[in-house]
Every structure is written in C-alpha cells, then in structure tokens.
Amino acid sequence: MPRIAVICGTGMSAFSTTLESISTSMSILVDSKWGSVPVSLVNHELGQIFVLDRHHSNEEARTPPHEIEHRANIHAAKSFSPDLILSVNSVGTMIEDLPPGMIGVASDVLDLATRPWTFHDEDAIHADRTSIFDKKASEICSLALSKTQE
C-alpha cells in the first residue's frame, strides 16, 4: 500500500477534512529538534496519506510564511518513510496559459532563500539538485491534470 506525505499551505486548509470524510484519520504530533509538527494521518483503502499543513494552523492563528521552520516540516514528512512527498504551493505565474485557479507541475525551482535550509549545521554535505523531482510522480500528476484542465 502506498504511503504519501502531502505538505500543503493556506489554499488547502480543507484538504485533510475532505479526506477524513471518506476515510479514517488521526492527529499525530511529530517532534524534531526544530519544533513539533502536527500531522493528520488518513488511512484510505488505497493507502496512507500524511497531511502536513506547513503553517501549523489551529483555530487561533497560522504561522506566517517567513516564520515557518521548513526543516521541522521536512523532518516530520520524512519520518513516516513515505513512498512520495508531495508539496502543494500556491504561487503566482506570468504564464498566460496558467491563470489563477489552474494547477501546474514544477520541473525546477529558483531558490532565493536567505534563511538556513540545511540539516547539516556542522559540516557541508553536497545535495545533488540536478533532478530534484520524481519524474514518474510528475508524469502521473501531469496526466491527471491534463484530463481535468485541458
């Protein structure tokens, strides 16, 4: 049975609730040296889905984007040993064929981060970013989107 971790943001706050309506779920708190991360575990007949809201929403507040501790989120997602980690991000685009409301599949990223993004604070460790996305998973997503978005 596949295990998929989904990291999502403000645009998908109802995602885990929607999944819970068709499956069983439970809330889990994952501890890391960068902080605790709430995760919803959804058990579906086709597999397990671990839903992680990168903003750690609760009824009172959401963590603003510049305060998110991404290392804690990645640690939490990876701790479930998923077959795939899928990150859903809401961003703008200048592509006319991709207007607001449409979904795209990234093939590359431009990282302008100024905060630490490494898990290796004591020693430099090379991470190959030549092909950072799972090609098969990207093709599956692209095929599904082409059927629903033309």
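The values are calculated or read from the model by the stated rules, or taken from the named source; none is laboratory data. None of these values were measured; they are calculated from a predicted model. Please note: Cβ atoms are built from the backbone with ideal geometry, for glycine as well, and neighbour counts cover all protein chains shown. Accessible surface areas use protein heavy atoms only, side chains included; no ligands, DNA or RNA. Shrake-Rupley method; radii C 1.70, N 1.55, O 1.52, S 1.80 Å.
Solvent-accessible area assigned to carbon and sulfur over the range 77-150 amounts to 56 percent, based on a 1.4 Å probe.
For volume of the Cα convex hull per residue in Å³, pick the label among (1) 164; (2) 150; (3) 113 that corresponds to the value derived from the coordinates. The value computed from this structure is option (2). Tell me what the chain gives for mean residue ellipticity at 222 nm when only DSSP H runs of n ≥ 4 count, each as -39,500 (n - 2.57), the sum divided by the residue total, rounded to 500 deg cm²/dmol. Result for the chain, helices only: -6000 deg cm²/dmol. When +1 charges are put on Lys and Arg Cβ atoms and -1 charges on Asp and Glu Cβ atoms, the dipole computed for the range 1-96 relative to its Cα centre reaches about 300 debye. In this structure, the pairs whose alpha-carbon distance is over 26 Å, taken from 78/147; 78/136; 33/78, are 78/147. Probing with 1.4 Å while keeping every protein chain in the model, the per residue accessible area of the chain equals 73 Å².
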